[in-house]
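**Student:** Please find one structure pasted underneath; my questions will follow.
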Amino acid sequence: MNSGSFKNRFISPIFQFLQDSRAVGIVLIACTLISLVIANSPWQDAYTGFFNTLFDPAGGHHYNYKGLHLPNSWLLWINDGFMALFFFLVGMEIKRELTTGELASVKKSLLPILAAIGGMLAPALIYTLFNGTSPYAHGWGIPMATDIAFSLGILSLLGKRVPLSLKIFLTALAIIDDLGAILAIAIFYTDALHMLYLYIGAGIFVLLLLMNYFKVQRIILYLIPGLVLWYCIFNSGIHATIAGVLLAFCIPLNKIHSLEHTLHDPVNFLIMPIFALANTAIVFPPDLFHAFTHSVSFGIIAGLVLGKPLGIFFFCLVAVKMKMASLPANTNWKQLWGVGMIAGVGFTMSIFIATLAFKPVDIQVISVMSVILASLLSGLAGFIFLRAIK
């Protein structure tokens, strides 16, 4: 086989697939299925151990490497470190849309903010209805979060059936939603905040804002302080990925397009698949059915599957009817409801909050399995609904 034939038969189709808007979603779902299968196979110990084994068994969340306090496992490196690049990319997209794109007007930018608030309050309220007077009331934050990577991956599977403005709306909603979840973690689910790291991080953020204000153009002068910002936020007790969003909003607008182009493929086809493999390395409990008959599972599943679309849709409806905001361009209420359903894919942040909310391992397992089922139901329902409507 000559090189030209090899390129035409194997290399070119791969590049064509990667350029397809649905490729990210397909890769993410494939990685999730592969990971779940391996995690529940004879190789489960080696597979889950690779991601979860601590470099320093006594170090907890942090690993002391030559005086630096860094993530203490590959899973923590992926979620706290590599995913900060994903948040950096998404943050730049949001900044671009807020300044020159679909979210540039007050009415259009207000809608995802209100939608995110509704999408957090309704699930938390529904969870509280099931568990408010029980020992499990502290889990109200679990169904609040929307997973950006998976929700956008599912939406991308619909291709041109979904207008770009709706994808931007979901991106903005999910970012605001995750920032809300991060604030909830910082206030209600953090045992201790390290204020010195917070103060230093705040100082670096102010420095980055000043650099942007004085039109500093060299990107490296933003990236080096950005790494220090990530380190400070990671050690402050707040989820480190927020550093990616903060840095993104400091990047000069005229540099964003080239940075997005540079990061698009590595983030979407390397970091996000690794993220999917690591975060779905979950061993199913022997009594799988029992995990879904607990009041905690009822609250989580109902919160994500029902609370998310209800809260998002209701807050948007009120905002539009009161003329506070307007629907995204070329969209309708049916599409908005479908996006609300997909926003019920909680996954990473929901699982993370579950591990903080509950100390007993059996309740953590119930919570994680409920998040997985609710995310699967929300993703499938939203995909089928958006595909069916005109």
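The values are calculated or read from the model by the stated rules, or taken from the named source; none is laboratory data. Worth saying up front: this structure is predicted, and the values here are computed from it rather than measured. All Cβ positions, even for glycine, are placed from backbone atoms using ideal geometry, and neighbour counts span all protein chains on display. With ligands, DNA and RNA removed, areas are computed over all heavy atoms of the protein, side chains included. Shrake-Rupley method; radii C 1.70, N 1.55, O 1.52, S 1.80 Å.
**Student:** Excluding same-chain residues fewer than 8 positions from residue 66, which lysines have a Cα within less than 18 Å of its Cα?
**Tutor:** Within reach: none.
**Student:** Moving on. Along each of the three principal axes of the Cα atoms of the range 161-241, give the extent in whole Å, ordering the values from largest to smallest.
**Tutor:** The Cα atoms of the range 161-241 stretch 47, 39, 17 Å along their principal axes.
**Student:** Something else: Report, in order of residue number, the helices in the chain meeting two criteria: a C-alpha extent of 30 Å or more along the helix axis, and a mean Kyte-Doolittle hydropathy of at least 0.0; treat each whole DSSP H run as one helix.
**Tutor:** 106-131, 164-188, 361-388
**Student:** Right, another one. Could you name the aspartates and glutamates whose alpha carbon sits less than 20 Å from that of residue 108, not counting residues in the same chain fewer than 8 places away?
**Tutor:** Candidates past the 8-residue exclusion: 93, 97, 177, 178.
**Student:** Counting only helical runs of four or more DSSP H residues, what would the 222 nm mean residue ellipticity of the chain come to if each run contributes -39,500 (n - 2.57) and the total is spread over all its residues?
**Tutor:** Using -39500 (n - 2.57) per qualifying helix, the result is -20500 deg cm²/dmol.
**Student:** So what's the gap between the Cα centers of the range 197-226 and the range 113-133, to the nearest angstrom?
**Tutor:** Distance between centres, Cα-based: 35 Å.
**Student:** Related question: Pairs of alpha-carbon atoms within less than 8 angstrom and 6+ residues apart define the contacts here; what relative contact order does the range 205-328 have, in percent?
**Tutor:** It rounds to 18 percent for the range 205-328.
**Student:** Can you give me the relative contact order of the range 133-272 as a percent, contacts being Cα pairs under 8 Å and 6 or more apart?
**Tutor:** 23
**Student:** Convex hull volume of the Cα atoms in the range 239-281, per residue, in Å³?
**Tutor:** About 62 Å³ per residue, rounded to a whole number.
**Student:** Also, I was wondering about something else. Per residue, how big is the convex hull around the C-alpha atoms of the range 80-154? Give it to me in cubic angstrom, could you?
**Tutor:** 115
**Student:** How many percent of the alpha carbon pairs in the range 231-358 exceed a separation of 20 Å?
**Tutor:** In whole percent, the share of Cα-Cα pairs in the range 231-358 beyond 20 Å is 67.
**Student:** Arranged from highest to lowest average of other beta-carbon atoms within 10 Å per residue, in what order do the peptides 285-296, 337-348, 77-88, 155-166 appear?
**Tutor:** Top of the packing list down: 337-348, 77-88, 155-166, 285-296.
**Student:** Ok, one more. Using the Cβ atoms and a cut-off under 9 Å, what net charge is assigned to the surroundings of residue 253, where Lys and Arg are +1 and Asp and Glu are -1?
**Tutor:** So the environment of residue 253 carries a net charge of +3.
**Student:** With Cβ to Cβ distances under 13 Å as the rule, what net charge do the other residues near residue 91 carry (K, R +1; D, E -1)?
**Tutor:** Computed value for this residue: -2.
**Student:** Could you work out how much longer the chain between residue 377 and residue 321 gets when fully extended? Use 0.36 nm per residue separation minus the Cα distance between them, nm to one decimal.
**Tutor:** Stretched out fully, the residue 377 to residue 321 stretch lengthens by 17.2 nm.
**Student:** Given a 1.4 angstrom probe, what's the average accessible area per residue across the chain, in square angstrom?
**Tutor:** 47
**Student:** Tell me, what is the percent relative contact order of the chain, built from C-alpha pairs under 8 Å that lie six or more residues apart?
**Tutor:** 28
**Student:** Let me ask something else. So how many Å³ per residue does the convex hull of the Cα atoms of the range 255-307 work out to?
**Tutor:** 122
**Student:** Which order do the peptides 41-54, 234-247 take when ranked by the mean count of other beta-carbon atoms within 10 Å per residue, highest first?
**Tutor:** Most protected by this proxy first, the peptides run 234-247, 41-54.
**Student:** Something else now. Hey, could you grab the Kirkwood Rh for the range 324-363? Inverse mean 1/r over distinct alpha carbon pairs, Å, one decimal.
**Tutor:** So the Kirkwood estimate lands at 13.0 Å.
**Student:** Expressed as a whole percentage, what fraction of the accessible surface of the chain belongs to carbon and sulfur atoms when a 1.4 Å probe is rolled over the protein heavy atoms?
**Tutor:** Solvent-exposed carbon and sulfur of the chain make up 71 percent of the total.
**Student:** Additional query: Which number do you get for Rg(Cα) / (2.2 N^0.38 Å) in the range 168-295?
**Tutor:** This ratio for the range 168-295 stands at 1.31.
**Student:** Using the Cα atoms of the chain, I'd like the radius of gyration and the largest Cα-Cα distance, Dmax, both in angstrom.
**Tutor:** Using the Cα atoms of the chain, the pair Rg, Dmax is 20.9, 71 Å.
**Student:** Excluding residues on the same chain fewer than 8 positions from residue 215, give the lysines whose Cα lies under 19 Å from its Cα.
**Tutor:** Here the lysines satisfying the reach criterion relative to residue 215 are 95, 255.
**Student:** Once you list every other residue whose beta carbon is under 14 Å from the beta carbon of residue 309, what net charge do they have if Lys and Arg are +1 and Asp and Glu are -1?
**Tutor:** Here the charged neighbours net out to +1.
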